[in-house]
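The values are calculated or read from the model by the stated rules, or taken from the named source; none is laboratory data. Since we're looking at a predicted model, the values are computed, not measured. Here the Cβ positions follow ideal geometry from the backbone for every residue, glycine too, while neighbour counts run over all protein chains shown. Side chains are part of the model used for accessible areas, which takes the heavy atoms of the whole protein and leaves out ligands, DNA and RNA. Shrake-Rupley method; radii C 1.70, N 1.55, O 1.52, S 1.80 Å.
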Amino acid sequence: MNAGVWVAPGRVNIIGEHTDYNDGYALPIALPQVVTCTATATTDAMVSVTSRQHPGRSVREPIAGLGDATVGGWARYPLGVVHEFARRGHRPPGVVLDIDGAVPVGAGLSSSAAVECSVALAMRDLFAPRVGLAELIDIGRAAENSYVGAATGTLDQSASLLCTEGHALFLDFATGEAAQVPFDLTAANLRLLVADTDTPHRLADGDYGRRRRECEAAAHELGVHSLRAISEPGETLRLADPVLRRRARHVVTENARVLTVAELLRDGRDPRAIGPLLTSGHQSLRDDFEVSTPQLNAAVDSALAAGAHGARMVGGGFGGSVIALTDIERTDSVAAAIRRRFRADGFTPPRFFVAVPSAGARRTR
């Protein structure tokens, strides 16, 4: 077939932020919200891209010239994927892509990776069936790093392509290990509430890249290839620069939190036990990595005060969403508490949904 429909989900990270590009660990789940890519193969040597979220703003570019294309904004993500396929020698003869996204944009839920992965899967199935999942993940990363200009790791693409229903995905970015971890909150009378604070973040902006450079500088000063090699927080005290010390301490302690959460879930412990680890992860992102915002902090604080077992910001930071682990019967009251706090502080009202561990990217027809 020379046409089809592919979907790829957004993701929410249970724990493990800013660890992927430090060769660390993470534990994401895929969301039921997906980006849909309807793709049709052509022979005109062109890539045409439309988006249901951007009507009337179609883009059409010669595939051979994508490396020099100056198109910006939303279209840069799918174009970057097509460019990567061509650059790696897969040479699509032409393609029409229609994108429809249900993953909230700018909410820290990896809408951009969902776009990349839906397009990458379509391109693979139509033009390069021998491309494996590991290369698809790298194609998405390269599109975001080199074509869009966001210095991300591979967490988002890995989650979108590899997650399975009812599980969290344990990722080891140093070894490439990916393992499914049971994550059935309903059986424990729990829900994972997502509060989108409507403060969009932009990973291509300078702060995200600056954090990555700071981590690289900290690793260099500590004499290791990456901060993954540091397992004791006390070792970060060898860093003279207090900023680098804080950045490194976050990564080291966050890796430890991921390992502990994964172990608790594998052992079949009550998932409520991971709540304090979520909260300490937020504190680390707020104080040591300094990527939180007043809205994210307010959402976390009010969720905890209303009885959540744990809460933290998710994603790269500088805006986005918060997750809160709540008893089912308290979910609505936690959401109401966050809503009241935002109203009192004069913030834009948040949006809520419940995160359900869902299936990864796939072809639907």
Here is a list: R249, R228, R210, R245. Which entry is modelled with pLDDT under 95, assigned to a helix (DSSP H, G or I) and open to solvent by 50 Å² or more (accessible area, probe 1.4 Å)? R210
Pairs where the first residue, in the range 143-162, is within 20 Å of L31 (Cβ to Cβ) and open to solvent by less than 30 Å² (accessible area, probe 1.4 Å) and the second is assigned to a helix (DSSP H, G or I) and among the polar types (S, T, N, Q), C-beta under 7 Å, 6+ apart: E144/S112; T152/N145
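Residue-wise test of (1) part of a loop (DSSP other than H, G, I, E, B); (2) among the aliphatic types (A, V, I, L, M).
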position: Y21; (1), (2): no, no
position: L31; (1), (2): no, yes
position: A39; (1), (2): no, yes
position: P55; (1), (2): yes, no
position: E61; (1), (2): no, no
position: Y77; (1), (2): no, no
Inside the range 258-272, can you point out the residues that are of a type in the set (D, E, K, R) and not in a loop (DSSP other than H, G, I, E, B)? E263, R266, R272
Does any residue of the range 295-307 turn out to be surrounded by 20 or more Cβ atoms within 10 Å (Cβ to Cβ), within 18 Å of the chain's Cα centre (by Cα) and at pLDDT 95 or above? yes
Residues (surrounded by fewer than 17 Cβ atoms within 10 Å (Cβ to Cβ) and more than 30 Å from G73 (Cβ to Cβ)) located in the range 190-207: none
Of the listed residues (Y25, Y21), the one being open to solvent by less than 40 Å² (accessible area, probe 1.4 Å), out of contact with any Cys (no Cβ under 9 Å at 6 or more places or on another chain) and more than 25 Å from R362 (Cβ to Cβ) is Y25
When you check E177 against the structure, is it farther than 21 Å from F352 by Cβ, touching a strand residue (DSSP E or B) at 6+ places or on another chain (Cβ under 8 Å), open to solvent by 50 Å² or more (accessible area, probe 1.4 Å) and in contact (Cβ under 8 Å) with a residue 24 or more places away in the chain, yes or no? no
Of T348, T331, which residue is assigned to a loop (DSSP other than H, G, I, E, B) and out of contact with any Cys (no Cβ under 7 Å at 6 or more places or on another chain)? T348
